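The values are calculated or read from the model by the stated rules, or taken from the named source; none is laboratory data. As the structure is a computational prediction, the values presented were derived from the model and not from experiment. Every residue, glycine as well, gets a Cβ built from its backbone with ideal geometry; the counts of neighbours run over all protein chains shown.
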Amino acid sequence: GNSVTQMEGPVTLSEEAFLTINCTYTATGYPSLFWYVQYPGEGLQLLLKATKADDKGSNKGFEATYRKETTSFHLEKGSVQVSDSAVYFCASFSPATDSWGKLQFGAGTQVVVTP
Amino acid sequence: DVKVTQSSRYLVKRTGEKVFLECVQDMDHENMFWYRQDPGLGLRLIYFSYDVKMKEKGDIPEGYSVSREKKERFSLILESASTNQTSMYLCASRSGETRSQPQHFGDGTRLSIL
């Protein structure tokens with residue numbers, strides 16, 4: 001079946017460090033891919049998305065490229081801030097098998113940025 | 001901007017009570033979803049609805065029901081609350097217009113069953 005696997009956390013890093021969160025997927029057909037962010041005590045917010053191979057989603061300094069050959073959608077940011085401390089979720093939607101926009105979520109990766 | 005509003009941020013109820021969690025979206029979205037989020041288990045889909053009065057079971061529907069009488073409102077019902085339903089509940093909505101439409105989430109309801 002369809003699934004999303006992302007690296008386990010917590011990931012702890014210093015301010016201005018480079019952040020990478022790995023995400024890989026298994027899916028039938030050509031899924032759309034998403035990264036969501038959840039700040040403490042809040043719901044999930046869409047961070048970025050990509051809908052076809054080689055698309056790059058970007059927002060707030062974060063980027064992720066849809067790599068069909070490696071079935072990956074890794075999230076990167078060049079210089080993190082304390083305010084980036086949150087839980088990050090990778091998700092996929094495969095119209096071939098998932099009805100009505102049902103998403104497959106990864107387990108989430110907690111990121112802690114220290115001053 | 002899409003606004004998904006959950007009626008309560010925090011709720012405390014007693015075992016055996018019937019509990020209603022309400023969710024309203026303001027973007028005329030066709031699809032709506034209820035999840036619960038627990039430490040170590042991530043997000044799990046309880047129910048979803050693809051149109052008014054239409055619903056589908058998600059991965060963990062036991063002990064829950066839903067109601068969608070109007071397009072903008074999707075209610076989650078705990079028929080007889082139990083302590084293992086203490087959790088964070090998240091509602092989401094989505095336009096059914098194209099395949100790439102994301103889900104938009106509310107701020108969540110943290111429910112405690114005593």
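Below, the figures for the structure above:
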quantity	calculated
Qualifying residue in region A:8-19 (condition: under 11 Å from the mean Cα position of the chain (by Cα), more than 12 Å from chain B (Cβ to nearest Cβ) and farther than 27 Å from residue B:55 by Cα)	no
Check on residue B:44, part of a strand (DSSP E or B), modelled with pLDDT under 95 and touching a strand residue (DSSP E or B) at 6+ places or on another chain (Cβ under 6 Å)	yes
Which listed residue, of A:66, A:88, is crowded, with 20+ Cβ neighbours inside 10 Å, under 10 Å from the mean Cα position of the chain (by Cα) and away from chain B (no Cβ under 11 Å)	A:88
Subset of region A:48-63 (residues that are surrounded by 20 or more Cβ atoms within 10 Å (Cβ to Cβ) and within 14 Å of another protein chain (Cβ to nearest Cβ))	A:48, A:49, A:50, A:57
Qualifying residue in region B:59-67 (condition: of a type in the set (A, V, I, L, M), away from every other protein chain (no Cβ under 14 Å) and either assigned to a strand (DSSP E or B) or out of contact with any Leu (no Cβ under 7 Å at 6 or more places or on another chain) (or both))	no
Residues located in region B:90-113, provided they are within 9 Å of chain A (Cβ to nearest Cβ), of a type in the set (S, T, N, Q) and in contact (Cβ under 8 Å) with a residue 60 or more places away in the chain	B:95, B:103
